[in-house]
Amino acid sequence: MNLLFLSFVGLLLLGMEVGFAMIVAAWLGLEFKAGPAVDAIMLPTSMLGGISLYALVQIPLFILAGEVMNRGGITRRLVEVSSAWIGQRRGSLGHVGILSNLMLSGISGSAVADAVATGKALIPEMRAKGYGAGYSGAVIASGALLGPIIPPSIPMVVYAQIANVSVAKMFLAGVLPGLLLAAGFLVICSLIGKRRGLPREPAMNWRAKGKVTVRAVWALLMPIIILVGIRMGLMTDTEIAAIAVIYALLVGFFVYRTMKLRDLPAILMSAGRSSAVILFLLAAAAPFSWLVAESQISEHLVEMIRQITDNPHLILLIINVLLLLVGLVLEPLPAMVIFLPALLPLAAELGIDPIHFGAVVVVNLMIGLLHPPIGLLLFVVCSIDRLPFMAVAREVLPFLAWSIMVLVLIIFFPPLTVWLGQGL
């Protein structure tokens, strides 16, 4: 088992992609496994088994729905409606960035997609109006953090598959933490706007606000359809994903008329690439996870941590410190497929609710997207308008601090993650 992890870490340090590193490490682990020999056919067989699951159909469907909605002019309308209702506040474009991402998170489920969509629309305008390059990027990166937490969420689907729990309950587990994050981000924008004297947008009368809202109503309905469908049990998770794609296509082609048939190949190609990356990681993780389970790492972890404390809350804090450190060097999905096979049995042994644990893990690893020096969202927003990385990293610190406070809150108050899913 030492060979499994040493080879995996060594391959990562050499620059190999995470998925390929897991496959090579798993092959070495199988070849040199102590005890009875394992047939090498187990490697490709377990990889295929890791993704030949009906529930995983949701992943490409939700990604495709997000791509269609983003290409269909949805983002622009969400930005317009946000600006119409809160444009009179100081630093209102910061609020617009957070609210637009909040609404967009109920459509795409991807932090990077949301950051690119809202960043292209808002960062140049914010810089032109004196918000500063660092603050402009920090607002968009922080708002995009909401995408994988508020349903639909690709990381929640992946966790549900690995942990064998309800996708619907995992989706609902992210609603209250996501809203708490958004509320805190809006307060931070208000405080910074007042302190720095940032500009207000022109006021709009009620009639103008109504017109903007009516134009955006089709975009606003999307997350409502998803949440109501999940909470009321009207559709399965996969059916909701399929309906989201159909709805997005209808809105893009026939309501807003911003899409043409010639746009579909590029949309399908982009969604296919994103889906392939996620599914390849899950396939690569299957033999790796089997070896981790076979080596009884979870039992060793339980014993080691119990020597420190028996308190489930303190143990959860220790796990979260570990995951925060992991998030500094690994992106969320690879971190999940690598560490969850060992951590899930540990959580079960300690009596931690798997839905609560899943919400904590997802929020924790998403925080890594904001954390310097590796935070992926920081690099994404910097690439949109050539923003200075260190300036964005400094300005994101208040948002990062609030994110960690919300993480601590959901650790010690599980109803924030499990209440909405009760009764499903």
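The values are calculated or read from the model by the stated rules, or taken from the named source; none is laboratory data. Treat the numbers as computed from the prediction; the structure is a model and nothing was measured. So basically every Cβ, Gly included, is an ideal-geometry build from the backbone, and we count neighbours across all protein chains shown. For the accessible areas, the whole protein counts, side chains as well, though only heavy atoms, and no ligand, DNA or RNA atoms are used. Shrake-Rupley method; radii C 1.70, N 1.55, O 1.52, S 1.80 Å.
Would you confirm whether any residue within the range 409-417 is in contact with a Gly (Cβ under 7 Å, 6 or more places away or on another chain) and open to solvent by 60 Å² or more (accessible area, probe 1.4 Å)? Checked against the condition, which is being in contact with a Gly (Cβ under 7 Å, 6 or more places away or on another chain) and open to solvent by 60 Å² or more (accessible area, probe 1.4 Å), the range 409-417 yields no hits at all. Filter the range 160-172 down to residues that are out of contact with any Leu (no Cβ under 7 Å at 6 or more places or on another chain) and either surrounded by fewer than 22 Cβ atoms within 10 Å (Cβ to Cβ) or under 16 Å from P332 (Cβ atoms) (or both), then give me how many there are. Result for the range 160-172: 4. Condition check for L48 on (1) surrounded by 16 or more Cβ atoms within 10 Å (Cβ to Cβ); (2) at pLDDT 75 or above: one failure, at (1).
Residues in the range 64-101 that are open to solvent by 20 Å² or more (accessible area, probe 1.4 Å) and under 30 Å from N164 (Cβ atoms): L64, E67.
Of all the listed residues (L409, L387, L377), the sole one being outside any helix (DSSP H, G or I), under 27 Å from G97 (Cα atoms), out of contact with any Pro (no Cβ under 7 Å at 6 or more places or on another chain) and not polar (S, T, N, Q) is L387.
The single residue among P177, P151, P155 that is crowded, with 24+ Cβ neighbours inside 10 Å, under 12 Å from the mean Cα position of the chain (by Cα) and not in a loop (DSSP other than H, G, I, E, B) turns out to be P155. Just to be sure, is A359 modelled with pLDDT under 90 and surrounded by 20 or more Cβ atoms within 10 Å (Cβ to Cβ)? No; evaluated as a whole, the condition is false for this residue.
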